[in-house]
Each structure stands twice: as C-alpha cells, then as structure tokens.
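**Student:** I am attaching a structure below and will ask some questions about it afterwards.
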Amino acid sequence: MKAIILAAGRGERMRPLSDRMPKPLLAAGGASLIERQVRRLSAAGICDIVVNVSHLAEMIVAALGDGGRFGVRIRYSYEAVALETAGGIAQALPMLGGDAFVAVNADIYCEYDYARLAAAFERPGQERVDWDAYLVLVDNPAHHRHGDFSLGRDGVVGVASQERLTFSGIGAYRPDFFGAIAPGRREPLGPMLHAAAIDGRVRGERYAGRWIDVGSPQRLAALRAILGDTHDTV
C-alpha cells in the first residue's frame with residue numbers, strides 16, 4: 001500500500017512561523033511533524049510515499065530527500081498553487097497507482113497505527129469492499145466542537161447532526177474516488193466525503209489515542225510541552 005502525505009498548504013493560521021518555514025517542518029520533541037509521519041508510515045510497512053508540496057517546497061524536499069535515511073522511497077508532487085486536499089491527491093494519482101492508498105495530513109501529531117488502514121481494504125476472500133473511503137475519526141477537540149461525521153456501530157460513516165466525531169486527517173481511499181478531478185484543479189475533500197457518506201460509501205473507526213491538529217502556534221506549543229521539549233523555536 002502506498003501513501004501520500006499532504007504538505008502543500010500555506011499554513012495561514014500558523015503565521016508568522018510558516019512565513020519562513022513550511023508548517024510540516026516545524027519541530028516538536030526533536031523531530032519535524034512530517035518526519036514523524038514518514039517514520040510512522042515506515043513502521044507500518046508503508047514504504048512508498050508521495051509528498052505533495054507547494055509553499056516553500058524546496059525546504060521540504062531538502063529535509064526529506066529521497067527517503068533513504070528513513071527506509072522508504074519518497075517522491076514529490078509539485079503544485080504551483082496549492083490545490084487543496086482532493087485536488088492535490090488527484091494530481092498525484094499517477095504516482096499512487098491503481099490500488100487503495102493512505103492519505104495523511106502532514107501537520108498532525110498522532111500515534112495511530114497506519115497498518116490498520118491497509119487491513120481495512122484487504123479482506124481475505126473478498127474481492128472488493130463496498131466503500132470508497134475509510135476515515136479515522138477522533139473525539140472533537142476544543143477548536144472543533146461540532147465535529148464532522150457520525151459513526152455507526154457497523155463502522156458506517158454518516159452525517160447525522162448528533163454525536164459527531166472529527167475527521168483526523170488520516171484516511172485511506174480508492175483512486176477512482178478522485179477520478180473525476182482534472183489534474184491541476186483545486187478541489188476540497190470535505191464536500192466529497194460528505195456526499196459519499198450520504199451515499200453510504202464511507203467507513204471508518206474511532207481512534208481514542210493521542211491526536212493533535214497542530215494548526216496554530218498555541219497548539220504547537222502545547223505539543224512541545226507534552227513531548228517535554230522546550231528547545232524547538234521554529
């Protein structure tokens with residue numbers, strides 16, 4: 001199974017830090033956010049990784065290289081202008097192949113086992129599972145109290161207004177879910193997932209472990225405090 005790490009965003013809420021450093025390269029606990037994602041994917045046996053890049057792209061490429069020092073292969077999907085999540089994935093599809101793949105935001109801290117995503121699409125004796133996306137959902141953080149999706153006992157992801165959970169930025173998808181998006185077109189992922197959930201084409205699970213959306217300087221500081229690191233300044 002391949003993976004794409006989504007690292008092309010400008011990081012507006014992280015300014016001024018993200019003016020001089022792409023948000024995925026901000027460090028906590030002695031390692032950058034994106035390096036932690038690469039290492040967790042590698043630990044799960046997912047060693048063929050695409051990184052989409054736009055803002056300060058050359059800094060991310062210089063930091064990760066070809067992935068050899070992490071035991072993986074990294075390729076880059078360049079976006080002259082950030083294409084949003086679904087648009088970025090669609091542009092990278094030729095690198096991701098014809099099978100289901102993992103997609104994860106570069107700017108989160110999470111201890112989820114990515115091997116679980118591969119298992120969601122690999123069912124012995126079953127040629128094809130009947131969904132297009134599998135999402136990891138978490139309890140709603142303080143900055144997103146209303147959540148995104150509901151989760152039934154059977155793992156069906158829905159859009160009920162009650163008892164919603166938050167999409168973690170971690171998921172697995174079939175390539176044809178993005179097949180109607182022309183390369184180079186900006187397209188957000190949220191509306192696509194909402195429509196697919198209404199159609200019953202999304203499954204998922206709730207993850208109760210540590211997860212932090214490192215979307216602001218305050219949340220970055222909180223993560224650094226959790227990891228016991230007071231030395232990272234960018």
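**Student:** Could you check the simple spin-label distance between Ala119 and Arg73, using points 7 Å along Cα→Cβ, in nm with one decimal?
**Tutor:** Going from the Ala119 label point to the Arg73 one covers 2.7 nm.
**Student:** For the stretch 134-212 and the stretch 1-79, what is the separation of their Cα centres, given in Å?
**Tutor:** The distance from the Cα centre of the stretch 134-212 to that of the stretch 1-79 comes to 22 Å.
**Student:** Still on this structure, I have one more. Taking a ≥ b ≥ c as the square roots of the eigenvalues of the Cα gyration tensor of the stretch 1-97, is the shape rounded (a/c under 1.5), prolate (a/b larger than b/c) or oblate? Before the final figure, lay out the partial values.
**Tutor:** Details: a/c = 1.93, a/b = 1.15, b/c = 1.68.
It comes out oblate by the Cα gyration axes.
**Student:** Once the piece of chain linking Ser216 and His194 is laid out straight, how much longer is it, given 0.36 nm per residue of separation minus the C-alpha distance between them?
**Tutor:** 5.4 nm
**Student:** Work out the charge dipole of the chain with +1 on the Cβ of Lys and Arg and -1 on the Cβ of Asp and Glu about the Cα centre, then indicate which of Met21, Ala160, His146 is farthest towards its positive end.
**Tutor:** The residue sitting farthest along the positive end of the dipole is Met21.
**Student:** List the trypsin sites (Lys or Arg not before Pro) in the stretch 124-212 that DSSP assigns to loop (not H, G, I, E or B) and whose Cβ has at most 16 other Cβ atoms within 10 Å. Which are they?
**Tutor:** Answer in residue order: Arg128, Arg145, Arg153, Arg185, Arg186, Arg210.
**Student:** What's the FRET efficiency of Asp229 with Ala63 using the Cβ-Cβ distance as r and R₀ = 22 Å, to the nearest 0.05?
**Tutor:** Plugging the Cβ-Cβ distance into 1/(1 + (r/R0)^6) gives 0.80.
**Student:** Right, next: What is the stretch 183-227 by shape, rounded, prolate or oblate, if you read a ≥ b ≥ c off the alpha carbon gyration tensor as root eigenvalues and call it rounded for a/c under 1.5, prolate for a/b larger than b/c, and oblate otherwise? All intermediate terms of the calculation are to be shown ahead of the outcome.
**Tutor:** Values: a/c = 4.17, a/b = 1.68, b/c = 2.48.
Since a/c reaches 1.5 but b/c is at least a/b, the shape of the stretch 183-227 is classed as oblate.
**Student:** So, one more: Sort the stretch 85-188 into rounded, prolate or oblate with this rule: let a ≥ b ≥ c be the square roots of the eigenvalues of the Cα gyration tensor; rounded if a/c is under 1.5, and if a/c is not under 1.5, prolate when a/b is larger than b/c, oblate otherwise.
**Tutor:** oblate
**Student:** Still on this structure, please answer the following. What's the longest bit of the chain with no exposed GluC sites (Glu not before Pro), using DSSP loop states and at most 12 other Cβ atoms within 10 Å as the test?
**Tutor:** Result for the longest clean stretch: 1-110.
Every number in this text was worked out from the coordinates using simple rules, so none of it is lab data. What you see is a predicted model, and the numbers here were worked out from it, not measured in a lab. Here the Cβ is made from the backbone with ideal geometry for all residues, glycine too, and neighbour counts use every protein chain on show.
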